[in-house]
Amino acid sequence: MANPIPVDSYRHQGLRNLLVQKIRQKGISDPLVLAAIEKVPRHFFFDSSFLEYAYEDKPFSIGAGQTISQPYTVAFQSELLQIKKNDKVLEIGTGSGYQACILAELGAKVFTIERQKSLFDKTSKFVPLIGYHSIKMFFGDGYKGLPAFAPFDKVIVTAAAPYIPEPLLEQLKPGGILVIPVGAGDVQVMTTLTKNVDNSVVKKEYGAFRFVPMLENKAKEK
Ligand code: SAH
């Protein structure tokens, strides 16, 4: 993010198109999700010295010990959310802001929480600069959700949760979906919890992924 007003060239657009083909081959089929990946310039979320890594289907370090998720993983979670236009979506783990921008492209009203102050400061300045003005960003602990803005149509957790935080289920509307990678070890199981109108919950599991840990409380300032 060294360059405050990045440029999206034909070359970048071409690389994005190849990335979309790759994740389609890996099984992502939702045309709206693929269009959002094609639209959002992922290299904007990288320091200029690492631009050539932006369109590989890999996670990448964004500083403060955190990563921007792999494009396939972003697409996979986005597909599971089944976003409808104007859905109110809560994201836990803002990080670079890339996933939040993908959700905004899908028509969601995005609320996102980050526990690391340095990342929060950097991302909350940067995201409006590249045109995503409607994303609401909060510095806080995602384990608590965002009770003042609940309920949400969808909730997405982008860090490894050792268990399913109860407040996130409580803050989900009936009919809503929570997408969360669950597991305390190296590998997590992508999980969806769908809340029925009678408030009962249906759980489904979708294979193994790797995320940085979801940690309790706001991070202490260094
Ligand atoms: N969605 C991000 C990926 C971020 S990696 C992106 O698109 O770039 C996971 C992020 O979750 C990290 O930035 C980490 O600091 C944050 N995080 C971990 N535990 C958290 C918590 N309890 N509340 C909020 N954010 C948390």
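The values are calculated or read from the model by the stated rules, or taken from the named source; none is laboratory data. The structure presented is a predicted model; accordingly, all values stated were derived computationally and were not measured. Cβ sites come from the backbone with ideal geometry, for glycine too, and all protein chains shown count toward neighbours. Ligands, DNA and RNA are stripped out before the accessible areas are found, and what is left, the full protein with its side chains, is counted by its heavy atoms. Shrake-Rupley method; radii C 1.70, N 1.55, O 1.52, S 1.80 Å.
Here are some residues: 136, 109, 144, 117. Which one is free of Cβ contacts under 8 Å to residues at least 24 places away in the same chain and either open to solvent by 20 Å² or more (accessible area, probe 1.4 Å) or under 26 Å from residue 57 (Cα atoms) (or both)? Can you show your working first?
Details: 136 fails: free of Cβ contacts under 8 Å to residues at least 24 places away in the same chain; 109 fails: free of Cβ contacts under 8 Å to residues at least 24 places away in the same chain; 117 fails: free of Cβ contacts under 8 Å to residues at least 24 places away in the same chain.
Step by step, each of 136, 109, 144, 117 is checked, and only 144 is free of Cβ contacts under 8 Å to residues at least 24 places away in the same chain and either open to solvent by 20 Å² or more (accessible area, probe 1.4 Å) or under 26 Å from residue 57 (Cα atoms) (or both).
Within the range 71-94, the set of residues being polar (S, T, N, Q) and either surrounded by 18 or more Cβ atoms within 10 Å (Cβ to Cβ) or in contact with a helix residue (DSSP H, G or I) (Cβ under 7 Å, 6 or more places away or on another chain) (or both) comprises 73, 77, 78, 94. Among the residues of the range 116-155, those that are assigned to a strand (DSSP E or B) and more than 19 Å from residue 216 (Cα to Cα) comprise 136, 152, 153, 154. Taking the range 54-64 as the search range and keeping residues that are within 14 Å of the ligand (Cβ to nearest atom) and open to solvent by 40 Å² or more (accessible area, probe 1.4 Å), which one is farthest from the chain's Cα centre (by Cα)? Step by step, filter the range 54-64, then rank; the result is 64.
Here is a yes/no grid of residues against (1) within 12 Å of the chain's Cα centre (by Cα); (2) within 8 Å of the ligand (Cβ to nearest atom):
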position	(1), (2)
66	no, yes
69	yes, yes
76	yes, no
81	yes, no
84	no, no
90	yes, no
95	yes, yes
99	yes, yes
104	yes, no
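Listed residues 215, 168; which is on the phi < 0 side of the Ramachandran plot and assigned to a helix (DSSP H, G or I)?
168
Which of the residues that make up the range 188-221 are open to solvent by 50 Å² or more (accessible area, probe 1.4 Å) and within 16 Å of the ligand (Cβ to nearest atom)? Of everything in the range 188-221, those that are open to solvent by 50 Å² or more (accessible area, probe 1.4 Å) and within 16 Å of the ligand (Cβ to nearest atom) turn out to be 210, 213, 215, 216, 217, 218, 220, 221.
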